[in-house]
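Working notes for the structure below.
Rule-based calculations on the coordinates, nothing more; no lab input. Quantities reported herein were computed from a predicted structural model and do not represent experimental measurements. Glycine gets a Cβ as well: all are built from the backbone with ideal geometry, and neighbour counts include every protein chain shown.
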Amino acid sequence: MKLLLVAGARPNFMKIAPIVRALAAAREAGAAGLSWKLVHSGQHYDHGMSKVFFDELRLPRPDFHLGVGHSLPDCAVRAHPQTPGSGENGQPRVEI
């Protein structure tokens, strides 16, 4: 199973943190066929509104950073093309 975790604002980071830890633990335990990528929309792009959440929540560096600033519609449009190979035909199988 391939997962694509997308976050951009504080509530998103807080919600995905336990999911990321569970996925990391499953990977370390040898879960076959499980892979995931972390995408940061870039909605919050300064240290106080972004990097601090990765540090405090012990999240890994994102695999992709879309850099959309505060433009959420732009984020929705750009998320799929900038994350190639997430699933069949470049589309994620599951989005959280």
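Tabulated values for the structure
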| quantity | calculated |
| --- | --- |
| Amide proton proximity set for G8, modelled H, under 5 Å, gap of 5+ | F13, S41 |
| Built amide H within the under 5 Å cut-off of L57, gap 5+ | none |
| Note, ³J(HN,Hα) from phi for the stretch 5-21, Karplus 6.51, -1.76, 1.60, rounded to Hz, x at Gly and Pro | 9, 10, 9, x, 10, 3, x, 5, 4, 5, 6, 7, 3, x, 5, 4, 5 |
| Burial ranking of peptide ranges 52-58, 30-36 (average Cβ count within 10 Å, highest at the top) | 52-58, 30-36 |
| Other-chain or far-sequence residues with amide H under 5 Å of L3's (modelled H) | S35, W36, K37 |
